[in-house]
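Everything on this sheet refers to the single structure shown next.
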Amino acid sequence: MAQKLLAAGERVVDVPPKLSSRVRLLSALARYNADGSLDGSFEGGMVVTEMGAWDEAEALAIQADGRIVAAGSAESDDGDYDIAIARYHAITDNTPPNTTITSGPSGAISGTSATFVSSEPGSKFECSLDGAPYSGCSSPKSYSNLTDGSHHFCVRAIDAEGNVDLLTPAQRTFTVDTKAPKVDSVFPAENATGVGQAVNVKATFSEAMSASSINTTTVQLFRAGTTTPKAAVVSYDTGTKTVTLNPNIDLRLGTKYKAVVTTATRDLAGNQLDQDQDPSNGNQNQVWTFTTNS
């Protein structure tokens with residue numbers, strides 16, 4: 001909990017001349033923040049209690065449940081002074097907030113920005129990446145120029161009372177991947193001849209791919225010199241990272257075919273295929289040809 005200073009004493013209250021020629025002193029408690037400002041969460045910073053005409057709080061005790069006991073004196077109706085004791089139901093907040101990441105990186109990504117919340121309004125946050133010391137941050141928190149590979153992000157909330165979420169900070173582990181995928185091998189091989197008519201065309205990628213990006217519009221087979229793709233079924237094996245194109249009918253004898261895997265295919269981080277891996281000329285399709293037997 002944040003440092004607080006509790007003070008007890010008296011507060012002078014002017015009485016209208018028509019009522020009395022005396023001023024009055026009332027018992028007062030004030031609570032201050034560590035910077036010396038009044039703690040607004042404590043009834044605006046000060047509590048004034050009327051017990052008699054001339055009151056003063058002289059001693060304080062804080063119970064285990066956070067309630068405050070003030071003791072002092074108060075002037076009675078006959079002008080004598082009596083002991084005065086009051087208990088204030090000011091509950092001390094020692095409960096840390098709970099931190100939750102509501103959106104952000106998970107799995108393979110090409111960039112990162114995390115959004116997080118606290119279970120208590122008015123909380124501040126501290127963030128840590130890859131085991132670095134916690135430092136102040138705000139939501140959303142973004143990181144740039146992260147190296148490819150695994151990263152671990154933590155965020156903890158600090159409520160208005162200074163309680164820190166030490167035991168249950170929110171955490172995410174993710175992998176930054178900025179490298180474009182490519183096709184490592186194809187079947188039939190580039191410029192192969194004597195290929196069987198019932199062949200299934202295959203391409204194996206350099207890394208795991210997003211299955212939703214692999215379909216009959218991103219993986220196609222053409223008869224050389226034509227622009228209409230052959231009707232086929234396209235499937236993707238996540239275990240072998242291989243796409244298979246199975247033509248609906250057998251291929252023609254002695255005919256040259258062109259297979260294409262387009263740049264619309266993406267890896268799990270969303271990076272598009274780039275077969276030549278040269279960013280200076282944009283992303284490139286994987287294209288190869290083969291000829292069926294005669």
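Rounded to the nearest 0.05, what FRET efficiency is calculated for Ala64 and Ala7 with R0 set to 22 Å and r the Cβ-Cβ distance? Efficiency for this residue pair is about 0.55. Of the trypsin sites (Lys or Arg not before Pro) found in region 184-271, the ones in coil according to DSSP and having at most 12 other Cβ atoms within 10 Å of their Cβ are Arg252. Over 28 Å apart at the Cα level, from the set Lys179/Lys230; Lys124/Lys179; Lys141/Lys182; Lys182/Lys256, are Lys179/Lys230; Lys124/Lys179; Lys141/Lys182. Expressed as a fraction of 2.2 N^0.38 Å, the value expected for a compact globular protein of N residues, the C-alpha radius of gyration of region 183-292 is 1.03. For the pair region 132-199 / region 216-246, the C-alpha centres are spaced 29 Å from each other.
With 17 Å as the cut-off, how large is the P(r) tail for region 92-218, expressed as percent of Cα-Cα pairs? For region 92-218, the fraction of Cα-Cα distances above 17 Å is 67 percent.
Note on Gln272 and Ser294: their simple-model spin labels are 4.1 nm apart, each label 7 Å out from Cα toward Cβ. Note on Ser210 and Asp184: the extension gain reaches 7.7 nm, defined as 0.36 nm multiplied by sequence separation minus the Cα-Cα distance.
Just so you know, all these numbers are worked out from the coordinates, no wet-lab data involved. Quick caveat, the model's predicted, so the values are computed rather than measured. Positions of Cβ are generated from backbone atoms using ideal geometry, with glycine treated the same way; all protein chains shown enter the neighbour counts.
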